[in-house]
1. If A25 meets every condition in (1) more than 9 Å from the ligand (Cβ to nearest atom); (2) not in a helix (DSSP H, G or I) apart from one, which number is that one?
2. Within region 80-98, restricting attention to residues that are out of contact with any helix residue (DSSP H, G or I) (no Cβ under 7 Å at 6 or more places or on another chain) and without any contact (Cβ under 8 Å) to a residue 60 or more places away in the chain, which residue is farthest from the ligand (Cβ to nearest atom)?
3. Between S94, S134, which is under 25 Å from Y33 (Cα atoms) and surrounded by 16 or more Cβ atoms within 10 Å (Cβ to Cβ)?
4. Checking the structure you have, find out if any residue of region 82-102 is touching an Asp or Glu at 6+ places or on another chain (Cβ under 8 Å) and more than 18 Å from L122 (Cα to Cα).
5. I need the full set of residues from region 97-116 which are assigned to a loop (DSSP other than H, G, I, E, B) and either surrounded by 15 or more Cβ atoms within 10 Å (Cβ to Cβ) or aliphatic (A, V, I, L, M) (or both), in order please.
6. Among the residues of region 52-64, is there at least one that is over 19 Å from T137 (Cβ atoms), outside any helix (DSSP H, G or I), within 11 Å of the ligand (Cβ to nearest atom) and modelled with pLDDT of 95 or more?
Amino acid sequence: MNTKLVIPDRFLLNAPKVLAMGPPAQTGRMLLYHLAARTGIPLEEMDLLDYGCGSRFADAIVNLEIPIKSYTGVDVKADMVEFLRENVTDERMSFHYIDVFNYVYNKAAPPLHIDSTLPEALSDRSFNVISMFSVITH
Ligand SMILES: C[S@@+](CC[C@H](N)C(=O)[O-])C[C@H]1O[C@@H](n2cnc3c(N)ncnc32)[C@H](O)[C@@H]1O
């Protein structure tokens, strides 16, 4: 069993109305099972690349013991990615910083471009589901 993960409030990045729907781990679990139902890929067989990952799915997978095959989170918020890398010990999970522009979290970076690539560490990875929840709003 993995050590419980306590996410600092500063890394709870969901909109207030989403946070009001329930604890992030629980709404994260609901979305992960919804993703499995929509794609027809059971979580046990899902290699998920979550672009703009935030911390919610990590919270759900660790603290509610979600049986996902693997989870790879990518995000522009460097301090949050660093926190997740340091505090999530589950070997199915990894977190990666991407240096692209975000008007709140990464103002100095170049904008995401059609030629942008994923972090080098993911170059030999493959995924059967790619998600992006509440990211386009940025
Ligand atoms: C509202 S939060 C949603 C987090 C998570 N997907 C969820 O549903 O709980 C938006 C996330 O997208 C990230 N983000 C925003 N723009 C991004 C970009 N261009 N590339 C990668 N991540 C980005 C933010 O840092 C933040 O973690």
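1. The one condition A25 does not meet is (2).
2. Out of the qualifying residues, it is E91.
3. Values: S134 fails: surrounded by 16 or more Cβ atoms within 10 Å (Cβ to Cβ).
One residue alone meets the criteria, S94.
4. No, that holds for no residue.
5. Answer for region 97-116, where residues must be assigned to a loop (DSSP other than H, G, I, E, B) and either surrounded by 15 or more Cβ atoms within 10 Å (Cβ to Cβ) or aliphatic (A, V, I, L, M) (or both): I98, V100, F101, V104, Y105, A108, A109, L112, I114.
6. Step one: filter region 52-64 for residues over 19 Å from T137 (Cβ atoms), giving 58-64.
From what is left, the residues that are outside any helix (DSSP H, G or I) are 64.
If we keep only those that are within 11 Å of the ligand (Cβ to nearest atom) as well, we get none.
Within region 52-64, none of the residues are over 19 Å from T137 (Cβ atoms), outside any helix (DSSP H, G or I), within 11 Å of the ligand (Cβ to nearest atom) and modelled with pLDDT of 95 or more.
Here's the yes/no breakdown for (1) away from the ligand (no atom under 15 Å from the Cβ); (2) of a type in the set (D, E); (3) loosely packed, with under 15 Cβ neighbours inside 10 Å; (4) touching a residue at least 60 places away in the same chain (Cβ under 8 Å):
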residue	(1), (2), (3), (4)
A37	yes, no, yes, no
I41	yes, no, no, yes
Y71	no, no, no, no
V74	no, no, no, no
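The values are calculated or read from the model by the stated rules, or taken from the named source; none is laboratory data. Model, not experiment: these values are computed from the prediction. So basically every Cβ, Gly included, is an ideal-geometry build from the backbone, and we count neighbours across all protein chains shown.
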